[in-house]
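Undergrad: First, the structure itself, so that you have it in front of you.
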Amino acid sequence: MGFAVTGGVGNEVQEGDTSIYIKKVFDKGVAARFGGIEVGDQLHIVNGTRLIDVTHSFAIEALRNADDPVVLVLAKTARINPLIFANYRR
């Protein structure tokens, strides 16, 4: 899909925040060509599967198993500074 995610239950980016976030948008991926996905966006739904209060691995599996066409529901947020992701691994 052209992006990487981080966060989730047990892998919080900020203490108490279990959201799944866009960590990186790859330059040559579909997400970059689409242009609407940015680092720091929250990923809420992928093809009808809710990604609220789920583990990182659950979110990854939901993304891997998503059939075309992939429909994402994102939330733009100013709560997280995208620079937080620069040194965050996972």
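Undergrad: Could you check, for the range 29-38, whether at least one of its residues is of a type in the set (D, E, K, R) and either over 15 Å from Leu74 (Cβ atoms) or in a loop (DSSP other than H, G, I, E, B) (or both)?
TA: Yes, the conditions are met somewhere in the range 29-38.
Undergrad: Also, I was wondering about something else. Only residues that are out of contact with any helix residue (DSSP H, G or I) (no Cβ under 6 Å at 6 or more places or on another chain) and of a type in the set (A, V, I, L, M, F, W, C): list them for the range 25-39, please.
TA: Phe26, Val30, Ala31, Ala32, Phe34 - these are the residues of the range 25-39 that are out of contact with any helix residue (DSSP H, G or I) (no Cβ under 6 Å at 6 or more places or on another chain) and of a type in the set (A, V, I, L, M, F, W, C).
Undergrad: Which one of Ala59, Ala66 is crowded, with 18+ Cβ neighbours inside 10 Å and not in a strand (DSSP E or B)?
TA: Checking each option against the conditions leaves just Ala59.
Each value in this text was obtained by applying a stated rule to the coordinates, not by laboratory testing. All figures in this text were calculated on a predicted structure; none of them were measured in a lab. Here the Cβ is made from the backbone with ideal geometry for all residues, glycine too, and neighbour counts use every protein chain on show.
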